[in-house]
Each structure stands twice: as structure tokens, then as C-alpha cells.
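What follows is one structure encoded as C-alpha cells, with my remarks underneath.
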Amino acid sequence: MRGWIEVALEEGIPIPEPAPNEDYSGKFVVRLPRSLHRQLAETAEREGVSLNQFINVALAQSVGHASALAYPITKQTSQFAVKEKKLKFAAKKKMIG
């Protein structure tokens, strides 16, 4: 970012003022399909985090925001996930013969 500002100043490109934080409450409503809501909630549960925290981190990661590093979502291997993988493996193995 600093490199862009230096180049902009040298080239006479206007640099916009940052938007004040008080314009944003930190809350917004998102409408999404029930199936996506369920999938997000189940994934958050498997990760051992709240749905809010999961969505926060996912959104921060999608825009490259530094807060994504504050609460990283790690792929924790829960007992449920291990069982699910074993079942999928067994099913594939059975199909192969």
C-alpha cells in the first residue's frame, strides 16, 4: 500500500480520504438460502467456532483483511469429520471392488 501511495504522489494521482468508521455500525443483514445457512452453521460447528466468528473470518479472508489472522479458522479434525472421511473412503473402496 505504501508503494502505491508514493507512486500516486509522484504522479499527481489524487489519493482518496479514508472513509470514517462511524459510517458503519458493524452490523448488516444478509439473506441467503436455507441450505447455505445450514451448510455454514454445520461447518462452523465442525470448526469449533460460532457461526458469527466463522462468517467474520471467511469475509475477512475474502477481502484480504488483517483481522482474518486474529481468529484463524483451522481445519480441526473432529471425530465427526474423521468418521465422515472413513465412511467416504469405505464407500469408494467398495465401489472399486
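The values are calculated or read from the model by the stated rules, or taken from the named source; none is laboratory data. Please read all numbers here as calculations on a predicted model, not as lab measurements. Positions of Cβ are generated from backbone atoms using ideal geometry, with glycine treated the same way; all protein chains shown enter the neighbour counts.
Residues are listed down the side, and each one gets a yes or a no for (1) closer than 19 Å to Leu36 by Cα; (2) hydrophobic (A, V, I, L, M, F, W, C); (3) surrounded by 13 or more Cβ atoms within 10 Å (Cβ to Cβ); (4) modelled with pLDDT of 60 or more:
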{"position": "Leu51", "(1), (2), (3), (4)": "yes, yes, yes, yes"}
{"position": "Ile55", "(1), (2), (3), (4)": "yes, yes, yes, yes"}
{"position": "Leu59", "(1), (2), (3), (4)": "yes, yes, yes, yes"}
{"position": "Ser67", "(1), (2), (3), (4)": "no, no, no, yes"}
{"position": "Thr74", "(1), (2), (3), (4)": "no, no, no, no"}
{"position": "Ser78", "(1), (2), (3), (4)": "no, no, yes, no"}
{"position": "Glu84", "(1), (2), (3), (4)": "no, no, no, yes"}
{"position": "Ala90", "(1), (2), (3), (4)": "no, yes, no, yes"}
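Picking from residues in the range 1-55 that are among the charged types (D, E, K, R) and in a loop (DSSP other than H, G, I, E, B), the one that is farthest from Glu84 (Cα to Cα) is Glu17.
Quick check on my filter: what residues within the range 17-32 are under 19 Å from His65 (Cα atoms) and either in contact with a strand residue (DSSP E or B) (Cβ under 6 Å, 6 or more places away or on another chain) or not aliphatic (A, V, I, L, M) (or both)? Outline the logic, then answer.
Taking the range 17-32 first, the residues under 19 Å from His65 (Cα atoms) are 17-28.
Glu17, Pro18, Pro20, Asn21, Glu22, Asp23, Tyr24, Ser25, Gly26, Lys27, Phe28 - these are the residues of the range 17-32 that are under 19 Å from His65 (Cα atoms) and either in contact with a strand residue (DSSP E or B) (Cβ under 6 Å, 6 or more places away or on another chain) or not aliphatic (A, V, I, L, M) (or both).
Give the range 1-53 a look and list any residue that's of a type in the set (Asp, Glu) and over 26 Å from the mean Cα position of the chain (by Cα), or say none. Before the answer, list the steps.
Step one: list which residues in the range 1-53 are of a type in the set (Asp, Glu), which gives 6, 10-11, 17, 22-23, 42, 45, 47.
Hits for the range 1-53 are Glu6, Glu10, Glu11, Glu17.
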